[in-house]
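Values quoted throughout were computed directly from the atomic coordinates according to the rules given, and no laboratory measurement underlies them. Source: prediction; values computed, not measured. Cβ: placed from backbone, ideal geometry, glycine included. Neighbour counts: every protein chain shown.
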Amino acid sequence: MKSPLLSLPGAVPAEGVDEGVAAHYGDLFREQRALADGTGFVDLSHRGVVAVTGADRLSWLHLLLTQHVSDLPAGEATEALVLSANGHIEHALYLVDDGTTVWAHVEPGTQEALIAYLESMKFFYRVEVADRTADTAVVHLPAGSITAVPEGAVVRETPYGRDLFLPRAELEEFAAGSGPAAGLLAHEALRVEQHRPRLGFETDHRTIPHELGWIGTAVHLQKGCYRGQETVARVQNLGKPPRRLVFLHLDGSDVHLPPPGTEIRLADDGPDGRKIGLVTTSVRHHELGPVALAVIKRNVPTDARLLAGDTAAAQETVVEP
């Protein structure tokens, strides 16, 4: 889905999974500062949109997702995961119910697999699942924004701002009255600052929710009856996850950021030491400088000095060891 907002002045297209929207519009730090100040918007129209309707939608989703949604009030935002039978994360949903429909946005390109799974679990429940990506665009307004929400838009209100589900045909009109536009890189920089994991970035095929701090925000511990719940309960009650998410302050003297996948080692062991983790997202922040999220082995001391490739890094605890 190529966004029409790529025609805005200065737009530089994003690459990889975020292809289709702008990485930035010519001034990364200005765009970050605007979002931090509560102004502007971010085009997230490349994200998948899934809608679930029907009288049983909430009780049915409650059986499939990690979140308690059977009594979800209309207009209340939440997030949830779909796990494998072994408790590994397969999908992340950012959802809200508008009273008749559950709207969820998901990582670009993952909606088809998610819908296939949901369709396989319908049985006799009164639900309908639809891919609305082609006609619905997601737009993010930062926390503190006073931008008017178009009539009829579905709003997902969170501590980090508002996600709007807009008719895709209205995206350009909305952008014309809601500037300045900020790109994905600015949005990602604030996500990293807020220590928020992202599916496919901080996750791999064996990630469990405890490793990324998704317990509580996306996983409700007082509910069962969903795939992978046994693993969640066992780790919560009897053990510790093998890895943990950390926030890294990177040496600002390096010209290049360590890209995702860069191996992390203990600084005391040098660049030839044993690998203890990987950089998952690295960004340049308008105030903090170069920072990153990384997943490392749980037993790494919280005060250990690290190397991300050849770049010195100081860790900040996100998930307790």
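P(r) for the range 6-161, from all Cα pairs and a bin width of 5 Å, is 2, 8, 16, 20, 19, 15, 10, 6, 3, 1, 0 %, short bins first.
For the range 143-220, trypsin sites (Lys or Arg not before Pro) are listed when DSSP marks them as loop and at most 13 other Cβ atoms sit within 10 Å of their Cβ; the list is 206. What base-10 log of the normalised intensity I(q)/I(0) is obtained for the range 146-272 from the Debye formula, alpha carbons as equal point scatterers, at q = 0.11, 0.17, 0.23 Å⁻¹? Calculated log10 I(q)/I(0) at the listed q: -0.64, -1.10, -1.41.
Take the Cα gyration tensor of the range 66-128, multiply each eigenvalue by 5, square-root it, and list the three semi-axes largest first, rounded to whole angstrom. Provide the component values of the computation, followed by the final result.
Working: eigenvalues 72, 44, 31 Å².
Calculated on Cα positions only, the semi-axes equal 19, 15, 12 Å.
Amide H to amide H distances under 5 Å link residue 90 with 82, 83, 84, where only residues 5 or more positions off or on other chains count and H is placed in the peptide plane.
The slack between residue 272 and residue 128, meaning 0.36 nm per residue of separation minus the straight C-alpha distance, is 46.4 nm. Taking the square roots of 5 times each eigenvalue of the Cα gyration tensor of the range 1-85, largest first, gives ellipsoid semi-axes of 34, 16, 12 Å.
Tell me, which longest segment in the chain has none of the chymotrypsin sites (Phe, Trp or Tyr not before Pro) that fall in DSSP loops with at most 13 further Cβ atoms within 10 Å? Please report the intermediate quantities before stating the final value.
On the way: sites that count: 123, 124.
It works out to 125-321.
Computed about its Cα centre, the charge dipole of the chain is approximately 900 debye, with only Lys, Arg, Asp and Glu carrying charge at their Cβ. Lys-Lys pairs in the chain that are eight or more residues apart or on separate chains and whose Cα atoms lie under 30 Å of each other come to 6. Relative to the compact-globule estimate of 2.2 N^0.38 Å, the Cα radius of gyration of the range 228-307 comes out at 1.26.
Given a cut-off of under 8 Å on Cα pairs at least six residues apart, what relative contact order in percent is computed for the chain?
Details: 726 pairs, mean separation 60.3, N = 321.
Rounded, it is 19 percent for the chain.
Of interest is the spacing of the C-alpha centroids, which for the range 38-100 and the range 196-245 amounts to 17 Å. Take every pair of alpha-carbon atoms less than 8 Å apart whose residues are at least six positions apart; their mean separation over the length of the range 1-99 yields a relative contact order of 16 percent. Considering every alpha-carbon pair of the range 266-313, the percent of pairs per 10 Å bin, from zero through the bin containing the longest distance, is 24, 55, 19, 1.
Sketch the reach of a paramagnetic label on residue 117 as a point 7 Å from Cα along Cα-to-Cβ, and name the residues of the range 93-107 whose backbone nitrogen lies under 19 Å away. Within reach of a label on residue 117: 93-96, 102-107.
Placing a label point 7 Å from the Cα of residue 68 along the Cα-to-Cβ direction, the residues of the range 84-110 whose backbone N falls under 18 Å of that point are 95-97. The residue 19 and residue 76 beta-carbon pair, evaluated with R₀ = 45 Å, returns a calculated FRET efficiency of approximately 0.90. Rounded to two decimals, the Cα-based Rg/Rh of the range 119-185, with Kirkwood Rh, is 1.08.
Simple spin-label estimate for residue 255 and residue 320 gives 4.4 nm between the two label positions (7 Å along the Cα-to-Cβ direction from each Cα).
Return the ratio Rg/(2.2 N^0.38 Å) for the chain, where Rg is computed over Cα atoms only. Please list the in-between numbers first.
On the way: Rg = 20.0 Å, N = 321, 2.2 N^0.38 = 19.7 Å.
The reported ratio for this selection is 1.01.
Using the alpha carbons alone, the radius of gyration of the range 75-174 stands to its Kirkwood radius in an Rg to Rh ratio of 0.99.
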